[in-house]
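*Asks:* Have a look at the structure that comes next, please.
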Amino acid sequence: MARLIETEIRLVRTELGEKLAEAIRALAIIAASSVLLLTALVLFVLGVVHLLIYFGLQPFVAFFSVGLVSAVVGGLAVYFAVSHLSTSGLAPKRSINQLGKDAQIIKEQVS
């Protein structure tokens, strides 16, 4: 019994390590991509501002309008991202399922 529990604990640790390594790799890619996306976003927003100025808006109105729209869109994006954020994807599901099965077997053997 003790050996089974030790094996299951090692399995949980291994699976958690794999999930953590996967998350770290994904975060590194996100960080690198964010620099490029932020640069592109700044250039795009400045282009929209200049386009509005070209079509006759006063510069302060163009900057304020684009800033307001950007803030609303960004705020909505953050709201939806936070509402969908979940740590359940990081849980070692296979190991938890196996531990549940093992606990059931142990209960049956003890009874």
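The values are calculated or read from the model by the stated rules, or taken from the named source; none is laboratory data. Keep in mind the model is a prediction, meaning the values are calculated, not measured. A quick note on method: Cβ atoms are made from the backbone with ideal geometry, for glycine too, and the neighbour counts reach across all protein chains shown.
*Asks:* Just for the stretch 1-33: of the residues that are small (G, A, S) and loosely packed, with under 11 Cβ neighbours inside 10 Å, which one is farthest from F63 (Cα to Cα)? I'd like the intermediate steps shown before the answer.
*Replies:* Narrowing the stretch 1-33 to residues small (G, A, S): 2, 17, 21, 23, 26, 28, 31-33.
Keeping just the survivors that are loosely packed, with under 11 Cβ neighbours inside 10 Å gives 2, 21, 26, 28, 31-33.
Numbers: A2: 67, A21: 42, A26: 34, A28: 33, A31: 28, A32: 28, S33: 26 Å.
Among residues in the stretch 1-33 that are small (G, A, S) and loosely packed, with under 11 Cβ neighbours inside 10 Å, the one farthest from F63 (Cα to Cα) is A2.
*Asks:* Still on this model: Is there a residue in the stretch 88-103 that is without any contact (Cβ under 8 Å) to a residue 24 or more places away in the chain, assigned to a helix (DSSP H, G or I) and acidic (D, E)?
*Replies:* No, there is no match, as no residue in the stretch 88-103 is without any contact (Cβ under 8 Å) to a residue 24 or more places away in the chain, assigned to a helix (DSSP H, G or I) and acidic (D, E).
*Asks:* Hey, another quick one. Any residue in the stretch 12-33 that's closer than 16 Å to K93 by Cα: show its pairings with residues that are at pLDDT below 90 and among the basic types (K, R) at Cβ separation under 7 Å, as long as the two are six or more apart or on different chains.
*Replies:* Note: pairs meeting the criteria are E15/R94.
*Asks:* All but one of (1) in contact with a helix residue (DSSP H, G or I) (Cβ under 7 Å, 6 or more places away or on another chain); (2) hydrophobic (A, V, I, L, M, F, W, C); (3) loosely packed, with under 12 Cβ neighbours inside 10 Å hold for V66; which doesn't?
*Replies:* So V66 meets the others, but not (3).
*Asks:* Another question, if that's okay. Go through the stretch 1-59 and report how many residues are in a loop (DSSP other than H, G, I, E, B) and over 27 Å from I105 (Cα atoms).
*Replies:* Here is the first cut: in the stretch 1-59, the residues in a loop (DSSP other than H, G, I, E, B) are 1, 55-58.
Next, only the ones that are over 27 Å from I105 (Cα atoms) stay: 55-58.
Number of matching residues: 4.
*Asks:* Further question on the same structure: Tell me whether the stretch 86-109 contains one or more residues that are farther than 30 Å from A2 by Cβ, among the aliphatic types (A, V, I, L, M) and at pLDDT below 95.
*Replies:* No, the conditions are met nowhere in the stretch 86-109.
*Asks:* Restricting the first residue to the stretch 40-54 and requiring it to be within 10 Å of V66 (Cα to Cα), which pairs with a second residue that is of a type in the set (A, V, I, L, M) meet a Cβ separation below 6 Å and a spacing of at least six or different chains?
*Replies:* Correct list of pairs: V45/V66; V48/V66; V49/A62; V49/V66; L52/A62.
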